[in-house]
1. Given a Förster radius of 41 Å and the C-beta distance between Val98 and Met267 as r, what FRET efficiency does 1/(1 + (r/R0)^6) yield to the nearest 0.05?
2. Taking Cα pairs under 8 Å and at least six residues apart, what relative contact order does the chain come out at, in percent?
3. State in Å² the accessible area per residue of the stretch 33-246; use a 1.4 Å probe, count heavy atoms of protein chains only, and round to the nearest integer.
4. Sorted by packing (mean other beta-carbon atoms within 10 Å per residue), highest first, where do 255-268, 375-388 land?
5. Can you tell me which lysines have their Cα less than 19 Å from the Cα of Lys156? Leave out same-chain residues fewer than eight positions away.
6. For the stretch 220-376, what is the number of Lys pairs with C-alpha distance below 23 angstrom, counting only pairs 8 or more positions apart or on separate chains?
7. May I ask you to compute the full-extension gain from Ile154 to Val386, defined as 0.36 nm times their residue separation minus their alpha-carbon distance, rounded to one decimal in nm?
8. Please label the shape of the stretch 26-178 as rounded, prolate or oblate, based on the square roots a ≥ b ≥ c of the eigenvalues of the alpha-carbon gyration tensor (a/c under 1.5 means rounded; beyond that, a/b larger than b/c means prolate, else oblate).
Amino acid sequence: MTNNQITDSSIITLNEKALEKNLAFLKKKLGTKVIISAVVKANAYGHGIEQIVPLFEKYGINHYSVFSFSEAIRVYNSLSKPQAIMIMGWISDKNMAVIIEKGIEFFIFNIERLEVALACSKKLKIKAKIHLEAETGMNRSGLSVDELDRAISILKDNIENIEIVGFCTHLAGAESISNHSRIQKQLRNYQKMLALLEKNNIVPKYRHVANSAASFIYPKARMELVRIGIMLYGFWPSIEVFIQYINNQNNKIDPLKRILRWKSQIMAIKKVKSGEFIGYGISYLAQTNITTALVPVGYSQGYSRSLSNKGHVLICGHRCSVISVINMNMIIIDVTHVKNVEVGDEVVLIGKQGKLEIKVSAFSDLSDKLNYEILAHLSESISRIVVKK
Ligand SMILES: *Cc1c(COP(=O)(O)O)cnc(C)c1O
């Protein structure tokens, strides 16, 4: 048994230095005037809200975006002092009062939501801090032109109960060049709707439309605030965005650093004779005598089932194949080619070991998923610890 044994079946480490570098790069590229709202929805893209938020705070982030009420409360409780928190999606009517009392901001994506917010802020005698979300062509959420018109007249009658912090929209796929004309049309619609607001003397403090991809592909879309998720964690939104950036640089080194490393260890080693099936069913037949390692990680922790007979992990500086189907809590690895392999040896599922690396993107090319989805599926039950290196 090696002495580096970890207590949990697997563990996620978060590299503080990498996070600091990503933030420095983004601040430099986006300019000091643009506020970076750190998007920490989906448990901070799987990294862990409670671990990531204090780090972002330490390196100067003072604005956070989440999807829902419960995430907002987790961010609120993870901060050392109150900072702006913005809910881009779901709050039940019953939770509206808590949100307004805590000064948490939220999107108004339809008239019903505006009415609930107003009724609640009147009752509490506290101004609701809202962001008006415009429907500009994604056809998902937001106020249409007619609804915006209606919202304006409601707002005019209730201006003492409400603070209009933002006017925003979401672009439908800025990471892909094929969406270019659709995005341009959305940006034009946004400007038209903004003009309607301004004509009515409503001047929101922040205009914001850009996620990571749009911030890089459409610099004009940065405005006062950008909502950055995936790039903070060290991933490009798409290969296209990366290529466009790197083509204009002399230095061809990727400036983004991955923060997350996911590792486990070998729980058992077995020799299997040629001609035997391994694991459930008949998906893997040993064609020679092989040595297998059992690793206590499976789809219940977020190791995608679609990596069955396809995925790779790193053991003793070797790249090793996942064989047979991914189980709920275990995977079987072919370690026939690894000399002196022992129970307790480190198994890297995502991240580096020596010179080799398992990138989430490599992981997801195989499993047909985006980085986003793989990260969001990393179970909240896995312990996360911050490392300085
Ligand atoms: C998730 C999300 C973002 C962040 O997107 P990234 O591609 O991760 O930068 C921004 N805005 C909205 C509305 C979102 O839902």
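1. Values: r = 44 Å, r/R0 = 1.07.
That pair, Val98 with Met267, gives E of 0.40.
2. Values: 802 pairs, mean separation 76.3, N = 389.
Averaging sequence separation for qualifying contacts and normalising by length gives 20 percent for the chain.
3. Values: 8920 Å² over 214 residues.
Value for the stretch 33-246: 42 Å² per residue.
4. Working: 255-268: 20.5, 375-388: 15.5.
Those peptides, ordered most packed to least, come out 255-268, 375-388.
5. Lys156 reaches Lys122, Lys123, Lys125, Lys127, Lys129, Lys199, Lys205.
6. Lysine pairs meeting the criterion: 28.
7. Numbers: separation 232, 0.36 × 232 = 83.52 nm, distance 4.71 nm.
Extending this stretch completely gives an extra 78.8 nm.
8. Details: a/c = 1.85, a/b = 1.25, b/c = 1.48.
In terms of gyration-tensor shape, oblate.
The values are calculated or read from the model by the stated rules, or taken from the named source; none is laboratory data. None of these values were measured; they are calculated from a predicted model. Don't worry about glycine lacking a Cβ; one is built from the backbone with ideal geometry, like all the others, and counts go over all protein chains shown. Ligands, DNA and RNA are stripped out before the accessible areas are found, and what is left, the full protein with its side chains, is counted by its heavy atoms. Shrake-Rupley method; radii C 1.70, N 1.55, O 1.52, S 1.80 Å.
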